[in-house]
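What follows is one structure encoded as structure tokens, with my remarks underneath.
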Amino acid sequence: MLQRFLDPQVLASIGSLDLIAKTVVDGFVAGLHRSPSFGFSQEFAEYRQYVEGDDLRHVDWNVYARTDRIYLKRFKGETNSQLLVLLDTSASMSYGTVPYKGGTISKLDYARFIAASLVYMSSQQRDAAGIIVFDDDVRAYVPPSTRQGQLVRLLHTIEKAENGARTDFVKPFHHFQEYLHRRSIVAVLSDFYADPTAIIKAVEPLRYRGNDVVMFHLLDPNELAPKFRDPVLLIDSEDESAMEISPEYARNEYRDKINNHCKQLADKAAAAGLDYVFLDTSKPLDQGLRNYLAIRQRRR
């Protein structure tokens with residue numbers, strides 16, 4: 001049953017991103033054991049004083065009427081976490097071969113599913129959430145917040161994200177550091193088509209100020225194991241360079257190269273203290289969500 005809620009082919013047929021996020025998270029949470037370790041308890045714990053930007057829906061107005069001070073109710077399982085999603089919309093993210101009724105699922109589609117699910121889950125946990133959309137520059141930014149309407153703003157930004165130019169991790173990731181004003185969970189969604197050493201060098205500074213960084217590495221199954229019967233001419237979607245590929249090269253040398261690329265990225269991420277999660281875009285979304293919950297657990 002859980003797989004049905006997380007199957008990208010089923011999700012693609014839903015259409016509405018807010019409904020996709022609700023379907024994924026509600027199905028995922030329902031599939032978990034109701035354990036306090038996952039932080040989903042809604043039992044009242046304590047009050048805390050209001051600070052600018054807090055969601056007024058959680059104000060206890062009875063307390064305000066008695067004391068003339070604004071306090072918010074806090075619940076067990078809240079961690080005061082802040083999530084910042086970094087969504088790669090470079091041209092290579094447009095690639096996709098996973099079929100569903102009406103088309104195919106691109107890497108960007110899958111990244112949207114993950115991003116929407118993460119911000120929806122954060123909203124349910126009363127965490128501040130924000131998003132940065134980038135390719136070779138920052139294309140959109142919604143600062144993390146818990147204010148009313150934030151989830152709608154985030155989902156709208158995710159849904160409107162369009163494939164852009166080439167990937168350039170150096171320039172936008174340098175700018176990202178300026179947006180991290182408090183300790184956060186930083187989720188980077190990308191196909192990471194660049195030299196692993198260069199990628200880690202660009203991403204690693206996001207760990208400064210105690211941030212937890214998780215790299216969600218998205219690849220289409222046909223990028224992992226291409227199936228060609230005849231030689232084909234492949235054109236790079238970002239720089240338009242061309243390369244003729246034989247079926248023998250695709251079965252042997254190419255697969256060794258892509259597997260080595262993924263291994264290097266995972267090893268270098270671990271050495272730098274970054275979390276790394278590989279995601280095949282034909283598979284259910286649960287691995288990405290479980291990793292996010294594991295990071296939340298570390299924050300408690």
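Values in this text are rule-based calculations from the coordinates and carry no lab data. Note that the coordinates shown come from a computational prediction; the quantities given were computed from them, not determined experimentally. Heads up, the Cβs are rebuilt from the backbone with ideal geometry, glycines too, and the neighbour counts pull from every protein chain shown.
In this structure, the amide hydrogen of A140, modeled 1.01 Å from its nitrogen in the peptide plane, lies closer than 5 angstrom to those of V133, counting only residues at least 5 positions away or on a different chain.
Sorted from fewest to most neighbouring beta carbons within 10 Å, what does the list D7, D68 look like? Walk me through the numbers on the way to the answer.
Numbers: D7 18, D68 7.
Fewest-to-most Cβ neighbours within 10 Å comes out as D68, D7.
Quick one: if you stick a label point 7 Å off each Cα along the C-beta vector at D195 and R183, how many nm between them? Taking the simple label geometry, D195 and R183 are separated by 3.5 nm.
A cut-off under 9 angstrom between Cβ atoms defines the neighbours of F28, and their net charge, with Lys, Arg +1 and Asp, Glu -1, is -1. Ranked from largest, the principal axis spans of the Cα set of the chain equal 78, 41, 31 Å.
The order of T157, T67, T104, going from fewest to most other C-beta atoms within 10 Å of their C-beta, is T67, T104, T157.
Counting other Cβ atoms within 10 Å as a rough exposure proxy, the listed residues M243, M121 run M243, M121 from fewest neighbours to most. If a spin label sat at a point 7 angstrom from the Cα of S94 along the line to its beta carbon, the backbone N atoms of the range 127-170 nearer than 12 Å would be those of 162-166. Within the range 118-154, which residues have the backbone N less than 17 Å from the label spot 7 Å out from K160 along Cα→beta-carbon, could you tell me? Those under the cut-off are 130-135, 138-144, 149-154.
Over the chain, what is the mean sequence separation of C-alpha contacts under 8 Å (at least six apart), divided by residue count, expressed as relative contact order in percent? Numbers along the way, then the final one.
Details: 526 pairs, mean separation 60.1, N = 300.
For the chain, the relative contact order is 20 percent.
With a threshold of 30 Å on the Cα-Cα distance, the over-threshold entries among K101/K160; K160/K227; K160/K257; K107/K171; K171/K263; K22/K227 are K160/K227; K160/K257; K22/K227.
Two tests apply to each whole DSSP H helix in the chain, Cα reach of 18 Å or more along its axis and mean Kyte-Doolittle hydropathy of at least -0.5, and the ones passing both are 17-31, 107-124.
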